[in-house]
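Inspection log for the structure reproduced underneath, given as structure tokens.
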Amino acid sequence: MTRVAWWPSTELMYRVLARLDLGRDAASIYSGAHARPWTQALLAAYRQDPQAIQLQWLGLAHETTDALIQAVETMRESPLRTAILASTQDELATITPQTCLTPSFLPRLDTLRHTLYAEPPPPLTLLHVAALGRHGRAATIQGERRVAVDLNQPEDHALMQILHEECHAVTDREVAHPSIPRETRFGTAGYAVHRALEDAAVAYGAVVLAEVAPDLLAAYEQWRCRMG
């Protein structure tokens with residue numbers, strides 16, 4: 001079962017993160033947007049706080065902006081909490097409702113998901129988030145998969161990005177290092193773990209497509225080239 005939705009909370013969180021130029025960090029979704037008064041404070045706090053990576057998934061956990069901001073308010077006292085609270089409250093004024101069209105590839109996505117999971121796949125909420133651009137984010141929350149992508153992207157790219165995020169749900173548990181945490185910043189101790197997780201998910205996506213949708217392999221290769 002797949003539902004398609006637009007949540008203001010998810011758009012808000014990724015719109016904030018898209019203003020941060022994280023440099024050589026694989027978690028960066030920097031869009032080149034103009035800096036806001038809070039940008040530098042949040043960027044400095046993000047770089048200094050090892051828990052900051054959790055912000056990349058916070059927007060998937062809450063459907064309303066009130067719930068998102070309440071979650072930020074319950075974070076431990078830190079410069080990161082102060083900065084993210086200021087940024088979300090300021091950026092909230094820019095959020096306007098968006099129409100979310102159901103993409104035509106949902107039947108193919110359902111077929112791919114039934115192939116990549118060994119058991120029946122969990123329910124999927126597909127969230128349209130324009131602020132993500134060519135990127136994607138996903139998490140398993142309350143027994144369902146939540147995958148966020150910009151559905152204004154070309155459909156082939158969006159479908160390949162969703163497939164990739166779903167592959168992580170299967171391959172990450174097999175590849176994750178038991179003692180070294182994943183880090184997305186280039187040159188850190190956990191960056192090799194991050195690369196191994198990404199490589200495994202990419203490889204599994206090709207296996208799934210070769211089995212049930214070989215006509216999409218060219219689109220998958222284009223997606224890989226675009227994502228670098």
- Does at least one position in segment 32-42 carry a residue that is modelled with pLDDT of 95 or more and under 20 Å from the mean Cα position of the chain (by Cα)? yes
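Can T125 be described as assigned to a strand (DSSP E or B) and closer than 25 Å to A52 by Cβ?
On the way: assigned to a strand (DSSP E or B): yes; closer than 25 Å to A52 by Cβ: yes.
Yes; evaluated as a whole, the condition is true for this residue.
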- Within the set of pairs 6+ apart or on separate chains, which have a first residue in segment 212-227 that is under 19 Å from T115 (Cα atoms) and free of Cβ contacts under 8 Å to residues at least 60 places away in the same chain, a second that is open to solvent by 80 Å² or more (accessible area, probe 1.4 Å) and not β-branched (V, I, T), and C-beta atoms under 8 Å apart? none
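Results for (1) free of Cβ contacts under 8 Å to residues at least 60 places away in the same chain; (2) within 24 Å of A210 (Cα to Cα), shown as yes or no for each residue.
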position	(1), (2)
L112	no, yes
T125	no, no
H128	no, no
E166	yes, yes
- Subset of segment 119-172 (residues that are closer than 25 Å to T96 by Cβ and among the charged types (D, E, K, R)): R134, R137, R146, D150, E155
- Note on the structure: Note on segment 50-80: residues open to solvent by 70 Å² or more (accessible area, probe 1.4 Å) and either of a type outside the set (S, T, N, Q) or on the phi > 0 side of the Ramachandran plot (or both) are P50, W57, E63, D66, E73, R76, E77, P79
- Task: Of all residues in segment 93-107, count the ones that are assigned to a helix (DSSP H, G or I) and at pLDDT 95 or above.
- Result: 2
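From the residues in segment 59-91 that are part of a helix (DSSP H, G or I) and within 25 Å of R3 (Cα to Cα), which one is farthest from the chain's Cα centre (by Cα)?
Of everything passing the filter in segment 59-91, D66 is farthest from the chain's Cα centre (by Cα).
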- Query: Given the residues A26, A35, which is the only one that is without any contact (Cβ under 8 Å) to a residue 24 or more places away in the chain, surrounded by fewer than 18 Cβ atoms within 10 Å (Cβ to Cβ) and among the small types (G, A, S)?
  - Reply: A35
- Message: Just to be sure I understand the filter: pairs with C-beta atoms under 7 Å, separated by 6 or more residues or on different chains, first member in segment 72-83 and over 14 Å from Q48 (Cα atoms), second member part of a helix (DSSP H, G or I). Which pairs pass?
- Response: V72/R81; V72/I84; V72/L85; V72/T88; E73/L85; M75/R81
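Let me confirm something: among D110, D66, D49, which residue is charged (D, E, K, R), more than 19 Å from H135 (Cα to Cα) and modelled with pLDDT under 95?
Working: D110 fails: modelled with pLDDT under 95; D66 fails: modelled with pLDDT under 95.
Exactly one residue qualifies, and that residue is D49.
The values are calculated or read from the model by the stated rules, or taken from the named source; none is laboratory data. Just so it is clear, the model here is predicted, and its values are computed rather than measured. Every residue, glycine among them, receives a Cβ derived from its backbone with ideal geometry; neighbour counts consider all protein chains shown. Protein only, heavy atoms only, side chains kept; ligands, DNA and RNA dropped before computing areas. Shrake-Rupley method; radii C 1.70, N 1.55, O 1.52, S 1.80 Å.
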